[in-house]
1. Stick to Cα atoms and the Kirkwood definition of Rh, then tell me Rg/Rh for segment 228-290.
2. Would you mind computing Rg(Cα) / (2.2 N^0.38 Å) for segment 359-430, counting N as its residues?
3. Taking the Cα centre of the chain as the origin and placing charges on Cβ (Lys, Arg +1; Asp, Glu -1), which of Ala458, Gly244, Ser557 is farthest toward the positive end of the dipole?
4. Need one number: % antiparallel among DSSP beta bridges in the chain, to the nearest 5.
5. Quote the relative contact order of segment 79-212 in percent (integer), defining contacts as alpha-carbon pairs under 8 Å separated by 6+ residues.
6. Using alpha carbons only, what's the Rg to Rh ratio of segment 553-696 with Rh from Kirkwood?
7. Working only with C-alpha atoms, what are the Rg and Dmax values of the chain, expressed in angstrom?
8. With runs of 4+ DSSP H residues as the only contributors, calculate the mean residue ellipticity of the chain at 222 nm using -39,500 (n - 2.57) per run, divided by the residue total and rounded to the nearest 500.
Amino acid sequence: MAWRIGVDIGGTFTDVAIVDDASGRIGVAKALTTPRDFASGVVAALDMAMHRYGMAAGDVTLLAHATTVVTNALLEEKGARAVMVTTAGFRDVLELRRSSRPDLYDLFQDAPATLIPRHRRFEIVERVGSDGGVVVPLDEAAIDRLVADVIAARPEAVAVSLLFSFLNPDHERRIGERLRAALPGLPVYLSSEVLPEIREFERASTTAVCAYVGPILASYLKRLEEATQRMGLPPLYVMGSNGGVFEAAEGVAMPAMAVESGPAAGVVGAALIARQTGRLDLLSFDMGGTTAKASLIRGGEYETTPEYEVGGGASANRFMNGTGHPIRVPVIDLAEVSAGGGSIAWVDRAGGLRVGPRSAGAEPGPVCYGRGGTEPTVTDCNLLLGYLDKGSLLSGDLPIDFAAAERAVAEKLAKPLGVDVRTAATGVIDIVNHAMSEALKIVSVERGHDPRDLALVAFGGAGPMHAGALAEELEIKEVVCPPIPGAFSALGLVGTDLKRDYVRTFYATTANADPVLLGERFAALEAEGAAMLDRAGMPAERRRFVRTVDARYARQSYELSVPVPDGPLGPEALAAIAEAFHERHRQTYGHDNRTEPVQMVNIRVAAVGLIPPLRIRQETAGIDSNPTKGKRNLWFRSTGEIETAIYDRARIPAGWHAEGPAVIESLESTILVRPGWTAEMDNDGYIVLSRQARRS
């Protein structure tokens, strides 16, 4: 047998999804996340899965992992002790930032704290001009003094970002050589290696992020690789923010690629669903223990953005500029809000009910888990409304303390608000649902798409329980709940390709560019990608290179990415690039200007190693199977308390149909079928929720 394994660390649970390549059989295991040592939770979940499904380590062909280590270090501001080297006069580039502001009318707002404080940023006299020529030479005496200052600062990592080094990296490389010789084993990140493209602040910020999180990611991956090697498992791959996986060593070299590792895996899985089910246009909704993520799938493909912000306020409002630390790496376009099953509900000093952004996480977790939690959470409120089983979750592996959850909601919410427990719990669910619907609007309505024309695919441990309410608010008619929704992001890990992106600045208009030189620059990037694929052992027949150009009209400040034709580049290819840009500009902004020169700014190559495609399906029960588990009382605003049938998903046959209200339970997730909705199981193990037509 040949198995693929995906491991995803969530805020509450660490999920393992497995796929048997021969039969398509899938399985899942969940273990509580261990924040003090994430690697131990991963090993525990892997061990559980291998024993449960009788897997031998030698039969595992792919081990892919989505990690939150980078994101957590940035959000918690607990990164490495890093220093930075800049051109003389540019020491404060991280503070100067851009003019973007999240709130135009707040004159007193503060930018995020810099990752590398000013006293650990050092200048060196040198200067490369905007044409790549040396204006002020770099002398060895200056490097000697710099190295001594850096050593005295006791760094754990070093970032070097000099002016115009993307055009001429000689000075950066010389400084890097000396620092690496003086500080053996210490990571030194050069901006000309990390991000050789125009824009000084974004290049410096991306390099600083790498130095800030690199040692933490390297330490974590080293421990995890050692543990998986002891288990006899194959080399570890890491999910990148661009939707592809890469070798662990590539992540250590470019840590910024792993910032949105976990959310990216879920969106990749949603795109697989879109293509497999024929619902090519849909919204991806992933609700876990600490956050909820939304993304748009169009034509069966997800979209990426070349720049976004991490840390600071960007953790909850990734669509707002000026709230975090910019990084220039391709990232799947998504919106994320602090709304998950572990989000803590509280009453503010004005007597208002609030939910989040604090989360109970895995330790101590929701009150009902009986692990020391005292603050009521979204999960506790779902339990009190009857949506979750009062006795246990995870098929009995996680006992539930209903009475403790009820006491917490009564004391911390109902009593201060002057309402009964059920009213308080309902208010919490309403608030968190509204926050998540706003995230869905960001990636649909604010991108110019009507959610009523889209299906909603819901996953994550809590996603299928809340999806119906979100669909009602956005007037979406159909919700798709895939197999193993509570570990679906882990499943997405084994359904993607090996991928890394490479970029260089190439500044010329399509009218006057030298196509031969452009072809040589693309060939150089493809050679870098080929070397990466060589290290991964990817055979030639499974390699693909995707070329794109960042272009703009002359005098514009920002670019749009357009495809570049395959094959040799000539005048006709440059004309095709210009035409593609005009069309993309019209689609994006509603107009174009074909008399204006099209200026190329950056060229990009995505090096892809094709992994055999994955079909996501789960065997359904036999036609004579009875899925009914029993009944319990649920509470909805539209019906009040109502007795509701409870079904076991594992015992549901293909073609099964039920009218809401109903609850469908599985090992790792619960599907809530609201009043006015129907549920149906298809042949591949997907449960599709549909809104019933209103009677006149």
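What follows is calculated from the coordinates using simple rules that are stated; it is not laboratory data. Just so it is clear, the model here is predicted, and its values are computed rather than measured. FYI the Cβ positions are ideal-geometry reconstructions off the backbone, even for glycines, and counts take in every protein chain you see.
1. Ratio of gyration radius to Kirkwood radius: 1.08.
2. Ratio of Cα Rg to 2.2 N^0.38 Å: 1.02.
3. About the Cα centre, the residue reaching furthest to the positive side is Ala458.
4. Percentage antiparallel, nearest 5: 75.
5. Here the relative contact order equals 32 percent.
6. We get a ratio of 1.29 for segment 553-696.
7. Looking at the chain, its Cα Rg and Dmax stand at 26.1, 86 Å.
8. My calculation for the chain gives -9500 deg cm²/dmol from helical runs alone.
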